[in-house]
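Values in this text are rule-based calculations from the coordinates and carry no lab data. None of the values given here were measured: they were computed from a predicted structure. When we count neighbours, we look across all protein chains shown, and the Cβ atoms used for this are built from the backbone with ideal geometry, even at glycine.
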Amino acid sequence: MRTHRATRRNFLKTASAATAAIALPYYVPASAFGANERIVTGHIGVGAQGSGNLNRFLSHAAAVCDVDSARLAKAAKTVEAKNGKWLRSSDLKTASKPTSLPWFARKKNRWVQVSILSQTLVLWEGETPIYATLVSTGRDGVGDPKTTWSTPTGTFRVYQKHVTTTMDSDVADSEFELRDVPWVQYFQGGYALHAAYWHDDFGRPRSHGCINMAPIDARIVFNFTNPDVPEHWHGSEAGDLFGKGTIVHIVP
């Protein structure tokens with residue numbers, strides 16, 4: 001097993017073109033696509049550090065073994081790797097390749113896809129997925145965001161970014177206050193993509209509606225999207241100066 005030297009993560013490469021990512025939910029996960037790889041996915045142990053540099057991350061993708069097929073064994077659904085090892089499907093999260101891509105998935109347009117049911121996030125450049133990881137969306141799943149702690153579905157754009165900010169009941173529909181939340185990207189009202197330093201339960205719904213990520217993943221997503229945040233700035237807002245924000249496409 002090889003370790004990605006920029007993030008200290010161990011990776012497993014899948015062979016199925018219909019599978020975008022498989023991640024182990026009991027660790028803080030991350031995945032990356034190399035130029036000649038179909039998909040790379042893996043997990044990180046406690047205390048690992050990352051560079052936050054997307055280009056460096058993508059240039060050092062490492063593979064462990066190919067996933068060949070999904071089979072049934074002992075009445076439990078499992079996934080067999082080509083090295084002969086078996087993984088329980090209940091221990092995995094899978095981001096499947098869409099049967100059809102949205103209209104904005106063209107040329108090199110960057111966009112973010114989040115799946116509530118699989119609790120995964122994938123970064124895309126046009127029709128090419130380049131990064132995948134686990135997230136935690138609203139704890140009430142695919143409920144109504146107006147009456148429950150659910151993440152809204154639909155197509156949005158990042159309209160404001162902060163290196164850190166305070167999030168409280170005024171912007172996130174609950175009575176709490178979290179200071180210095182890192183890598184915050186608002187896409188709809190008070191809903192945001194952001195790092196969560198107060199839990200590591202990614203791959204399961206548990207937020208008040210925002211999309212939680214491990215700090216290492218949140219920084220990579222932050223650096224991937226527009227509007228850009230200039231060096232030494234603390235934040236930026238989409239508009240005439242910085243242009244349109246990156247599309248965030250959230251599906252059930």
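Here is a check on your reading of the model: is residue 250 part of a helix (DSSP H, G or I), closer than 22 Å to residue 95 by Cβ and in contact (Cβ under 8 Å) with a residue 40 or more places away in the chain? Spell out the reasoning first.
Values: part of a helix (DSSP H, G or I): no; closer than 22 Å to residue 95 by Cβ: yes; in contact (Cβ under 8 Å) with a residue 40 or more places away in the chain: yes.
No, not satisfied.
Note on the range 160-169: residues that are closer than 17 Å to residue 218 by Cα and either among the small types (Gly, Ala, Ser) or buried (at least 17 other Cβ atoms within 10 Å of the Cβ) (or both) total 5. Among the residues of this structure, residue 122 counts as one that is in a strand (DSSP E or B), touching a residue at least 60 places away in the same chain (Cβ under 8 Å) and either closer than 21 Å to residue 190 by Cβ or β-branched (Val, Ile, Thr) (or both). Of all the criteria given as (1) surrounded by fewer than 15 Cβ atoms within 10 Å (Cβ to Cβ); (2) free of Cβ contacts under 8 Å to residues at least 40 places away in the same chain, the one not satisfied by residue 199 is (2). State all residues of the range 237-252 that are within 23 Å of residue 168 (Cα to Cα) and surrounded by fewer than 20 Cβ atoms within 10 Å (Cβ to Cβ); if no residue qualifies, say none. Within the range 237-252, 237, 238 meet the criteria.
Give the residues of the range 202-247 that are among the hydrophobic types (A, V, I, L, M, F, W, C), closer than 21 Å to residue 94 by Cα and part of a loop (DSSP other than H, G, I, E, B), sorted by residue number. Step through it out loud before you land on a result.
Of the range 202-247, the ones among the hydrophobic types (A, V, I, L, M, F, W, C) are 202, 210-211, 213-214, 216, 218, 220-222, 224, 229, 233, 238, 241-242, 247.
Then drop every residue that is not closer than 21 Å to residue 94 by Cα, which leaves 202, 210-211, 213-214, 216, 218, 220-221.
Residues satisfying the conditions are 202, 210, 214.
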